[in-house]
Amino acid sequence: MKTNSKSQGNKSFTIKDLVTKASGRNIVLAVLDQCRGFVNEDTIEILKRRITGEYFVDEWGFDEELAELCRPIMSFIYKKYWRVTVSGIENIPSEGRALLVANHSGVLPYDGAMMAMAIQEEHPKPRILRCLHLSLFSAIPIVGIALARVGQVQALNENGEKLLNQDHLVGVFPEGLKGVGKPFKDRYRLARFGRGGFVNLALKAKSPIIPVSVIGAEEIHPLLYNVKPIAKLVGLPYVPVTPTFPWLGPLGLLPFPTKWYIHFDKPIPLQDIKYKPSEEPLLISQITAQVRNTIQNNIYERLKQRRSIFW
Amino acid sequence: METQKKSVLITGVSHLWGRKLASLLEDDPSLDPIIGIDFIQPETPFKRLKFFQVDLDNPLISELLKTANVDTVCHLLFLESYGYEEEFFGLNVMGTMDLLASCAAAGNVSRIIFLSDTKVYGAHSGNPNFLTEDSELKGRYSHRYIQDRLEVERYLTKFTKRNKTPQITTLRFANILGPNVETPMSRFLDSAVVPKVWGFDPMMQFTHVKDALDSIAHAIKSDAVGPFNIAGDNPIPFTQVLRIGAKVALPIASPILKMSYNFYRKLGIVDSVMIEADFLKYNCVGDTSRMKNVLKFFPKYSCREVIKDFFENSRLNKYYAPKGKVRSDPQAAESLVKWIREKQQATEQTSYLIDQYADLVKNLDEEVIHENKQQKSGE
């Protein structure tokens, strides 16, 4: 057998060893030990565990500890910056699967994170919401890791089905890119709901659908113009021009502090529904329309009462 | 459990995997006879296994299968290579085809077990987090140990479409790691500085050597047919693997990594220590629910435990004393143990010493293989 026969035993001291011994890792660990007394003991322990790999990442790539560390920042954005008002939280089941279907907006997709926060903060039994994100994000460096570590999963049928079968809460945005990259003049007008893939998913996994309407996210980055040629050149889905971006540079990426409302509607039970295979396509298109109308009506209902976008 | 005896033929028993599997199966009385073939002689004799030295393309194999009334064939003979070598291709791909033809011609073989790799799915950005067995096989890579597996798998699907018997069971292993076994992954993780792709951190899946061998033995005894992903539970991120192993991660942008890798490989510097860059970038994780539900095999090691065990052993490796050249193999004394036991049983004597020695030899097993390997590479 042809093997690369690198001798494993009795290595003499090599440059490689020196690199490992003097690596940043060991220095950082030593410094951390010296910091005891000045810094909170727990923080040191957490940092040491992060460095030595003694933490748990679940099979979908969600890192609970890391999410917990980010919690204060997210909490600030949720409570102080966008002052999210939540209604209908009792419609989220305490256990078992459910498919949350929401409208998508805001150029940068903060709405998924805020939905997840709403369930974390308001629900009597906080649960993790696994949002399905666009496939193309996984191929972008850093972004792909960040999304996975906070509990988001690539939007593929296989993933959605497996998540629901594991009794997770799954969030989907059937509008997809057409929703986030919607021009400002079309705000709060729902785009086409994909091809009804989400209904198919719910029917297959026998999961209820919970329509979710998010208000306030449309105005955080008002998209005035989409520079399509540049987007094509860079390989991004869209390059937005907003009142602040790109004029203020990176500062323009700061979203407007609008007032948000999130409403979770009553679940549409699909688990006991009986149908012939030949009726499936019709059923799917009907339920798609039903979900879309529910969300659209809830949005209009809220917009009627809203006097200002900021409070 | 069925009481019916099975007769098994194993290929590649003179190589590491076949050797390990043979010693595992020889303790099982329900498998009888066990026949082993390979193109070279084994280093040490077998306890119960009947060994023949033949090539895979030898037409006599079909006669052998018929005469011994073999019902299960386990094909382990596979030579790993990174670059293309005509001889290896001839053995891995053409040899497999010849063996399949012999099995089909013999008529009495009901099932063949093949080993494969989850890398045949390929690592792509569009992969679902868990690849089921019916996913498309897209692992086109320059590394021949993946490419050859892929070609064999393609041939197997063609074969199953045309023929009803023999039925085919394919075990697709995730990265195999374990003490004293060299795999592409173990070679990759062996160096102090390990390259990673900047900005990417895929989930990785591992199989422990013991689990891998147990699953083959399990597959031989069960009647499950079709492909199965074999891997530990709970895949872990690549950076966590490096952190557990106290390796220095060297982040490199992916185009540069691919380019420099090709460059260095042409110079012949890093030939074998790299694994394909795509596997450091995107998920290639197999769904193991079919393994649990259909094959009913449950691995003992989770991915994290595999990694821990591997690094613990590779740390310990540095401290083993090299084996003296004038010492015999402790395993070789097994025949002596057996002989003395038989004599003692005849006269109804028992000895504490002999039991203790047998235990000692069993525990030494892993260590011995390690030392043997070390000696070989030292020469």
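With neighbour counts taken as other beta-carbon atoms within 10 Å, the residues B:K318, A:K204, B:K210 rank, fewest first, as B:K318, A:K204, B:K210. Helical runs (DSSP H, four residues minimum) scored at -39500 (n - 2.57) apiece and divided by the length of chain A put the mean residue ellipticity at 222 nm at -11500 deg cm²/dmol. For chain A, averaging the sequence separation of C-alpha pairs within contact (under 8 Å, six or more residues apart) and dividing by the residue count gives a relative contact order of 20 percent. All Cα-Cα distances of segment A:171-311, cut into 10 Å bins from zero to the largest, leave 11, 33, 29, 20, 7, 1 percent in each bin in turn.
Largest mean-square fluctuation among B:K221, B:K196, B:K158, in a Gaussian network model of chain B whose springs join Cα atoms under 10 Å apart, belongs to B:K158. DSSP finds beta bridges in segment B:140-255, and of those with both partners inside it, around 15 percent are antiparallel.
Ordering B:N92, B:L131, B:S314 by the projection of their Cα atoms onto the charge dipole of chain B, which places +1 on the Cβ of Lys and Arg and -1 on the Cβ of Asp and Glu, puts B:L131 at the extreme positive end. Charge dipole of chain B (Cα centre as origin; +1 on each Lys and Arg Cβ, -1 on each Asp and Glu Cβ, all else neutral): 660 debye, rounded to the nearest 20.
The fewest-to-most ranking of B:H143, B:H124 by surrounding Cβ atoms within 10 Å reads B:H124, B:H143.
Among the chymotrypsin sites (Phe, Trp or Tyr not before Pro) found in segment B:198-292, not one is both in a DSSP coil and sparsely packed, with 14 or fewer other Cβ atoms within 10 Å of its Cβ. About the centre of its Cα atoms, segment B:98-195 shows a dipole size close to 340 debye [charges on the beta carbon of Lys, Arg (+1) and Asp, Glu (-1) only; nearest 20 debye]. Counting other Cβ atoms within 10 Å as a rough exposure proxy, the listed residues A:H263, A:H123 run A:H123, A:H263 from fewest neighbours to most. Shielding value for A:137-144 is 5, the average number of Cβ atoms from other chains within 10 Å of each residue's Cβ. The mean of 1/r over all pairs of different alpha-carbon atoms in segment A:269-311, once inverted, gives a Kirkwood hydrodynamic radius of 12.8 Å.
When the protein assembly as shown is described by a simple charge dipole with +1 on each Lys and Arg Cβ and -1 on each Asp and Glu Cβ, the residue from A:W82, B:G107, A:A67 located farthest towards its positive end is A:W82.
Our note on the geometry: Cα centres of segment B:281-318 and segment A:255-311, 43 Å apart.
Looking at the protein assembly as shown only, what percent of DSSP beta bridges run antiparallel? Nearest 5 please. Of the beta bridges lying entirely in the protein assembly as shown, close to 15 percent run antiparallel. The trypsin sites (Lys or Arg not before Pro) of segment B:80-153 that DSSP puts in a loop, and whose beta carbon has at most 12 other beta carbons within 10 Å, are B:R140. Among the residues of B:122-131, the average count of other protein chain beta-carbon atoms within 10 Å of the residue beta-carbon is 5. So for chain B: antiparallel DSSP bridges make up what percent, rounded to the nearest 5? Given both bridge residues lie in chain B, the antiparallel proportion sits at roughly 5 percent. Which of B:F298, B:S142, B:L250 sits closest to the plus end of the dipole of chain B, meaning its Cα is farthest towards the positive end, when Lys and Arg get +1 and Asp and Glu get -1 on the C-beta? Farthest towards the positive pole: B:L250.
Within the straight-line cut-off of under 28 Å between alpha carbons, the lysines reachable from A:K125 are A:K79, A:K80, A:K162, A:K204, A:K206, A:K259, A:K266, sequence neighbours fewer than 8 places apart in one chain being disregarded. Packing, as the average of other Cβ atoms within 10 Å across residues, places the peptides A:182-189, B:103-110, B:172-179 in the order B:172-179, B:103-110, A:182-189, highest first. For the residues A:G196, A:G37, A:G252, a GNM of chain A with alpha-carbon springs under 10 Å puts the largest fluctuation on A:G37. Dimensions of chain A along the principal axes, based on C-alpha atoms and rounded to the nearest Å, stand at 73, 53, 46, largest first.
Per residue of chain B, the DSSP helices (runs of n ≥ 4 H) give a summed -39500 (n - 2.57) that works out to -12500 deg cm²/dmol at 222 nm.
In summary, the convex hull built on the alpha carbon positions of chain B has an orientation-averaged projected area of 20.7 nm². Placing +1 on each Lys and Arg Cβ and -1 on each Asp and Glu Cβ, with no other charges, gives segment A:127-177 a dipole about its Cα centre of roughly 200 debye. Mean per-residue shielding of peptide B:78-85 is 2, counting Cβ atoms of other chains within 10 Å of each Cβ.
Taking the inverse of the mean reciprocal distance over all distinct Cα pairs, the Kirkwood hydrodynamic radius of the protein assembly as shown comes to 28.8 Å. Of all trypsin sites (Lys or Arg not before Pro) in segment A:249-311, which ones are in loop regions per DSSP and have a Cβ with at most 13 other Cβ atoms within 10 Å? When the trypsin sites (Lys or Arg not before Pro) of segment A:249-311 are filtered for loop state and at most 13 Cβ neighbours within 10 Å, A:K274, A:R306, A:R307 remain.
The numbers here are math on the coordinates, done by the rules we state, and not lab data. Keep in mind it's a predicted model, so treat the numbers as computed, not measured. All Cβ positions, even for glycine, are placed from backbone atoms using ideal geometry, and neighbour counts span all protein chains on display.
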